[in-house]
1. Pick out the one residue from A145, A140, A81 that is under 28 Å from S252 (Cβ atoms), out of contact with any Gly (no Cβ under 9 Å at 6 or more places or on another chain), hydrophobic (A, V, I, L, M, F, W, C) and open to solvent by less than 10 Å² (accessible area, probe 1.4 Å).
2. Only one of I198, I182 is of a type in the set (A, V, I, L, M) and over 24 Å from I331 (Cβ atoms); which?
3. In this structure, is S224 in contact (Cβ under 8 Å) with a residue 60 or more places away in the chain and on the phi < 0 side of the Ramachandran plot?
4. Applying the selection to region 315-355, what residues are open to solvent by less than 50 Å² (accessible area, probe 1.4 Å), under 28 Å from G222 (Cβ atoms), not in a strand (DSSP E or B) and not hydrophobic (A, V, I, L, M, F, W, C)?
5. Is it true that some residue in region 23-31 is surrounded by 12 or more Cβ atoms within 10 Å (Cβ to Cβ), closer than 30 Å to L119 by Cα and at pLDDT 95 or above?
6. So in region 249-298, with the set limited to residues that are assigned to a strand (DSSP E or B) and not aromatic (F, W, Y), which one is nearest to Y190 (Cα to Cα)?
7. Can you list the helices (runs of 4 or more DSSP H) lying wholly within region 140-242 that have 3 or more residues being out of contact with any strand residue (DSSP E or B) (no Cβ under 6 Å at 6 or more places or on another chain) and over 30 Å from N91 (Cβ atoms)?
8. Kindly provide the set of residues from region 190-245 that are more than 20 Å from L148 (Cβ to Cβ), acidic (D, E) and open to solvent by less than 50 Å² (accessible area, probe 1.4 Å), ordered by number.
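The values are calculated or read from the model by the stated rules, or taken from the named source; none is laboratory data. Source: prediction; values computed, not measured. We place every Cβ from the backbone using ideal geometry, glycine too, and count neighbours over all the protein chains shown. The area values use the complete protein model at the heavy-atom level, side chains included, leaving out ligands, DNA and RNA. Shrake-Rupley method; radii C 1.70, N 1.55, O 1.52, S 1.80 Å.
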Amino acid sequence: MKTVFLIICLFIINTSFAQVKRVDRVVDSCIKKNFNGAVLIAKNGKIEYLKYTGIANRHYNIKYSNQTIFHLFSVTKTFTAALIMQLVEQNKVNLDSTISTYYPDYKGEAAKKVTIRNLLTYTSGMFHKDLSNREMLLEAYSNDAWPLDTFITRYVSEKLIDTPGTKFNYNNGDYILLGKIIENVYHKPYEQVLKEKILIPLKMNHTGLLHHEDIIKNIDEGYSNQDGSTTVLYSSTNYYIDNYYSAGGIYSTPTDLLKFDQAIFNHTIFKKKTADLMLTSYPKLGDVAFGFWVYPKKFGKVNTIFVERQGTGYGHHSNWIHLTDKGLTFILLSNTDTVDLNKMRMRVIAAYLGQ
């Protein structure tokens, strides 16, 4: 009996070693193309691979380490979706009620036509002024730090150009409205609700909502690359992270993000029924779910269910994948445009799976 147990243990150790070795080869090949950041792999919440590499701050030549904090940008939307789902579970928000139910002061045409479900799936049908052209993008996010209500009135209250619920149109505005709705229901700032309902219970001590004037120890800087170069980098354009708010303003670390991952997929911040609802995809809308995309995926001979979320902005990139049928979590974070994380993640996952 002891011999059989020993053989099983040795098999598991050798398999794990082989997986790590294959992943390391992929990551090292990306490092040669100037990948800077972190890669985390966990199985059932247990970290099997965690590597930090490259430079977090080029002004002072500060290298990445387990102390570094990353900008998440649109991965923020998963936190906003989770906060909404907690309210849904408590019967304080109905997915099919309209914006005006929870935000009666909202003046946009969408007020009594667009539902919470529409906002969660980017199907409000609204014209998104902030993303309509480069001039508006700069005005909305780079020229000034707008008060939330001013931002909504100026950029997220435009006319409807599509029938709500019929057409996927990725944007920030729908999730900014969700953040405002969260504030109205709780009668508290979004940031405070985020802390009370997710960050403090999960002990996510290195995660928060960023403001442009904040001094956050060990936070990384973002860098863009020139003409596709992997070596010629420059500091990204000035921007006001405040304006990204509940659609893109959160910072975190790989290990903190893993805590959030486990809370969602192990149903500790809401029930399984709620998590299942959050992760139900809409194939006719490009497989979007609430805060994520969910769809079947094949790696060689391995079939799996792929849950993913990306974020990007001003040189920062975040990529979070969970294979629900395998209990596997992959988190890739970086601060340069030199390596495409969407391509890198596929190679990392394939290597881990032996495909």
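1. Values: A145 fails: open to solvent by less than 10 Å² (accessible area, probe 1.4 Å); A81 fails: out of contact with any Gly (no Cβ under 9 Å at 6 or more places or on another chain).
Unique residue meeting the criteria: A140.
2. Values: I198 fails: over 24 Å from I331 (Cβ atoms).
It is I182.
3. On the way: in contact (Cβ under 8 Å) with a residue 60 or more places away in the chain: yes; on the phi < 0 side of the Ramachandran plot: yes.
In short, yes.
4. G315, N335, T338, R345, Y352 - these are the residues of region 315-355 that are open to solvent by less than 50 Å² (accessible area, probe 1.4 Å), under 28 Å from G222 (Cβ atoms), not in a strand (DSSP E or B) and not hydrophobic (A, V, I, L, M, F, W, C).
5. no
6. Here is the first cut: in region 249-298, the residues assigned to a strand (DSSP E or B) are 250-252, 282, 288, 293-298.
Then drop every residue that is not not aromatic (F, W, Y), which leaves 250, 252, 288, 294, 296-298.
Numbers: I250: 11, S252: 17, V288: 24, V294: 26, P296: 33, K297: 35, K298: 38 Å.
Across region 249-298, the extreme among qualifying residues is I250.
7. Numbers: elements: 148-155, 173-186, 190-194.
Passing ranges, in order: 148-155.
8. D220
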